[in-house]
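A.B. asks: Here's a structure for you.
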Amino acid sequence: MKRRELLKMSLFASGGFVVTSARATCEKETDGTPAQFLPKKPPDPSPQENDVEKYPTCPYCGMDRRYNHESRMLIHYGNDLPDPLCSIHCAVISLAINLSLDPKAIYVGDNAIDAAPRPLVEVSKATFLVGSDLPGVMTWNSKVAYGNVEAATAAQKAHGGKLMDFQQTLKVSFTDLADDLDRMRKAREERRRRAAKKQQGG
């Protein structure tokens, strides 16, 4: 076993964690520990290939990744488990609850290329336009990724907003999460209220 792997195992053991294989952990019923949130898709060494066909829905919110192909993301964790997501909103949830997994790669839809679905680009190569008047997905504060700075700059001139790298966008997304969840809950409650009023003939 490699020295790095031994070191990681010793760190997990000292922190009170039990190290198991990813497949065994995913199949085993858990008691509320973080292991229960591990991605449930089978390992895939190339999850970015035909990702929309293989992973049509987001496991966190159930949204259609085919419809939201412009904003979709894909986290490829180091144990080859893929986490296919509809947006950076759900990506921050995945990254937060899967702390025991190190991402091998993180992909996002490249809006610099006019195709359906948008091709994926690694987030390290993407420039994000944040806070523009372009519609956001799962967030009030729009975040759109472009595979090159030129396309992002052109979009900024047309729609406003600020240009950020992935780490900066991730910080904004974590900050936005509380407001986004609050808005979603209020919107859902309003829909329930309207549905109840309609049933009562009002």
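A.B. asks: Among 185-193, 113-121, 81-89, how do they line up from the highest to the lowest mean number of other beta-carbon atoms within 10 Å?
C.D. replies: Most protected by this proxy first, the peptides run 81-89, 113-121, 185-193.
A.B. asks: How do R72, R194, R65 line up, fewest other C-beta atoms within 10 Å first?
C.D. replies: R194, R65, R72
A.B. asks: Between A154 and K125, what length comes free when the chain is fully extended (0.36 nm per residue of separation minus the Cα-Cα distance, one decimal in nm)?
C.D. replies: 8.7 nm
A.B. asks: A further question on this structure: In nm, what is the difference between 0.36 nm times the number of residues separating I97 and A178 and their Cα-Cα distance?
C.D. replies: 27.6 nm
A.B. asks: Label R66 and N141 with points 7 Å out from Cα along Cα→Cβ: what is the distance between them in nm?
C.D. replies: My value for the distance between the label points is 3.3 nm.
A.B. asks: Roughly how many Å is it from the Cα centre of the range 130-202 to that of the range 48-82, as a whole number?
C.D. replies: Measuring centre to centre over Cα atoms gives 19 Å.
A.B. asks: Now, a different point. Give me the net charge of T139's neighbourhood, meaning all other residues with Cβ under 10 Å from the Cβ of T139; Lys, Arg count +1, Asp, Glu -1.
C.D. replies: Taking every Cβ under 10 Å from that of T139, the sum is -1.
A.B. asks: Regarding the range 39-199, what are the three Cα extents along the principal axes, ordered largest first, in Å?
C.D. replies: Per principal axis, max minus min of the Cα coordinates gives 49, 42, 29 Å.
A.B. asks: Here is a follow-up. Quick one: dipole size for the range 39-199, taken about the Cα centre, charges +1 on Lys/Arg Cβ and -1 on Asp/Glu Cβ, in debye to the nearest 20.
C.D. replies: The dipole of the range 39-199 has a size of about 1000 debye.
A.B. asks: Another question, then. Compute the relative contact order of the range 88-202 as a whole-number percentage, counting only Cα pairs closer than 8 Å that sit 6 or more residues apart in sequence.
C.D. replies: The value is 24 percent.
A.B. asks: Pulled fully out, how much extra length does the chain show between K40 and D80, if you take 0.36 nm times their separation in residues and subtract their Cα-Cα distance?
C.D. replies: Once the chain is fully extended between K40 and D80, it gains 13.3 nm.
A.B. asks: Just going by the charge dipole of the range 39-199, with Lys and Arg at +1 and Asp and Glu at -1 on Cβ, which of C90, P117, T127 is farthest out on the positive end?
C.D. replies: C90
A.B. asks: What is the order of E49, E122, fewest Cβ neighbours within 10 Å to most?
C.D. replies: Ascending Cβ contact count within 10 Å gives the list E49, E122.
Where a number appears in this text, it was derived from the coordinates with a stated rule and is not lab data. Keep in mind that what you see is a predicted model, and the values were worked out from it rather than measured. No Cβ is skipped: glycine too gets one built from the backbone with ideal geometry, and neighbour counts run over all protein chains shown.
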